[in-house]
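Engineer: Attaching a single structure in structure tokens format; questions to follow.
Rule-based calculations on the coordinates, nothing more; no lab input. Small disclaimer: the values here were computed from a predicted structure and weren't measured. Virtual Cβ from ideal backbone geometry, glycine too; neighbours counted across all protein chains shown.
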Amino acid sequence: MTIRLPSELVAAGLAPPEKLADLARVAQRYAIAITPEIAALIDRADPDGRIARQFVPDIAELTTSPDERADPIGDDAHSPVEGIVHRYPDRVLLKLVNVCAVYCRFCFRREMVGPGKQMLSPGKLDAALAYIAAHPQIWEVILTGGDPLVLSARRLGEVIRRIAAIDHVKIVRLHTRVPVVSPEKIMPALVRALKAPGKTTYVALHANHPRELTPAVRAACARIVDAGIPMVSQSVLLRGVNDDAATLEALMRAFVECRIKPYYLHHADLAPGTSHFRTTIEDGQALMRALRGRVSGLAQPTYVLDIPGGYGKVPVGPGYVDMCGDAGAMVEDINGVKRAY
Ligand code: SF4
């Protein structure tokens, strides 16, 4: 059973009894969910607490710093109809559900996701699909949420088929944590449902620490990739979880071993009560430099920041080139030595 209550966290040994009152205060504001797979992982293979830190609530979540905001990446500013975020010309987010299999303590949509916030009503889904159909520049539809893979194979398959039937949509991408937190859900019927008839499906997997990629998780991802569905990764740079070069290296290598192309390393967004997770951009750039020296291009994600206010996602370095006008450029090698070009 998924753990959802502070008392269940204590009973499972995931938090000490003296923290019960603090946990209850956090639970009044933010949803809690820890699947059996994650609870077992914390129990048997988390000596440094880097998995627990992502899922077990902390009283620090009730401290909101002045620069944090309920909608850190500005979804609302780009939502023409409910369920759609149209921030870039050629793609939209379609938020089918506002629930997840787990609730990450650093979630950038933490004010929008949680139990009781269910899926788009049939009428609103019709309106969202009509919006996509009416905008021929939309080449890619990204199912996110919440986590679209909490839906049954039947419901998810039906939505994907309706999207695939829109002529100008060529790519359907799903953002999910389910293969990591509930790998047993990645069964043949669900994998079949992911395929968009006549179009291309991508699955973007969210994982932040190499120990999340257990044998069961790797097998679940293999079921997706073996079905001909390419996978990419998304990770969040998190203080106390993966903010060291060795951990990031192991994580990126694990993705590549699973046939998952490292895609994004997100700088942690300014979501309320998450400052204890955030690094500086300088720290992130230093880690990306270290990664460049340690792993091949195949294992390099792009380090990105969603500019607060809804201005979109941009790579935030590091940069390796200093232009010197007519004199050419100075280019930094992987050892940090500047070379003339
Ligand atoms: S799975 Fe994604 S949307 Fe859900 S809580 Fe975690 S980060 Fe947020």
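Engineer: So, Asp71, is that one of a type outside the set (A, V, I, L, M), within 16 Å of the ligand (Cβ to nearest atom), part of a loop (DSSP other than H, G, I, E, B) and closer than 25 Å to Lys313 by Cβ or not?
Structural biologist: For Asp71, the condition - of a type outside the set (A, V, I, L, M), within 16 Å of the ligand (Cβ to nearest atom), part of a loop (DSSP other than H, G, I, E, B) and closer than 25 Å to Lys313 by Cβ - is met.
Engineer: Can you name the condition, by its number, that Ala133 falls short on among (1) over 27 Å from Ala271 (Cα atoms); (2) in contact with a helix residue (DSSP H, G or I) (Cβ under 9 Å, 6 or more places away or on another chain)?
Structural biologist: The failed condition is (2).
Engineer: Only one of these is more than 16 Å from the ligand (Cβ to nearest atom), under 24 Å from Met119 (Cα atoms), in a helix (DSSP H, G or I) and touching a residue at least 12 places away in the same chain (Cβ under 8 Å): Ala27, Ala77. Name it.
Structural biologist: Ala77
Engineer: Out of Tyr131, Tyr103, report the one residue that is of a type in the set (Phe, Trp, Tyr) and within 14 Å of Ser79 (Cα to Cα).
Structural biologist: When all the criteria are applied, what remains is Tyr131.
Engineer: Would you check which residues across segment 85-123 are away from the ligand (no atom under 16 Å from the Cβ) and in contact with a helix residue (DSSP H, G or I) (Cβ under 8 Å, 6 or more places away or on another chain) and list them?
Structural biologist: His86, Arg87, Val92
Engineer: Further question: Within segment 58-69, does at least one residue satisfy the condition of being over 16 Å from Ala271 (Cβ atoms), in contact with a Lys or Arg (Cβ under 9 Å, 6 or more places away or on another chain) and either free of Cβ contacts under 8 Å to residues at least 60 places away in the same chain or not polar (S, T, N, Q) (or both)? Working first, answer last.
Structural biologist: Taking segment 58-69 first, the residues over 16 Å from Ala271 (Cβ atoms) are 59.
If we keep only those that are in contact with a Lys or Arg (Cβ under 9 Å, 6 or more places away or on another chain) too, we end up with 59.
Subset that is either free of Cβ contacts under 8 Å to residues at least 60 places away in the same chain or not polar (S, T, N, Q) (or both): 59.
Yes, because at least one residue in segment 58-69 is over 16 Å from Ala271 (Cβ atoms), in contact with a Lys or Arg (Cβ under 9 Å, 6 or more places away or on another chain) and either free of Cβ contacts under 8 Å to residues at least 60 places away in the same chain or not polar (S, T, N, Q) (or both).
Engineer: Which of the residues spanning segment 124-155 are away from the ligand (no atom under 16 Å from the Cβ) and either closer than 24 Å to Phe108 by Cα or aromatic (Phe, Trp, Tyr) (or both)?
Structural biologist: Passing the criteria: Lys124, Leu125, Ala128, Tyr131, Trp139, Glu140, Val141.
Engineer: Please pick out the residue among Gly293, Gly273 that is surrounded by fewer than 20 Cβ atoms within 10 Å (Cβ to Cβ) and over 22 Å from Thr214 (Cα atoms).
Structural biologist: Exactly one residue qualifies, and that residue is Gly293.
Engineer: Among residues belonging to segment 33-68 that are among the small types (Gly, Ala, Ser) and not in a loop (DSSP other than H, G, I, E, B), point out the one that is surrounded by the fewest Cβ atoms within 10 Å (Cβ to Cβ).
Structural biologist: If we take residues in segment 33-68 being among the small types (Gly, Ala, Ser) and not in a loop (DSSP other than H, G, I, E, B), then Ala45 is surrounded by the fewest Cβ atoms within 10 Å (Cβ to Cβ).
Engineer: How many of the residues in segment 171-219 are in contact with an Asp or Glu (Cβ under 7 Å, 6 or more places away or on another chain), within 30 Å of Ala134 (Cβ to Cβ) and away from the ligand (no atom under 12 Å from the Cβ)?
Structural biologist: Number satisfying all stated conditions: 2.
Engineer: Which one of Ile73, Ile32 is of a type in the set (Val, Ile, Thr) and in contact with a strand residue (DSSP E or B) (Cβ under 6 Å, 6 or more places away or on another chain)?
Structural biologist: Ile73
Engineer: Mind checking which residues of segment 222-238 are of a type outside the set (A, V, I, L, M) and within 16 Å of the ligand (Cβ to nearest atom)?
Structural biologist: Passing the criteria: Ser233, Gln234, Ser235.
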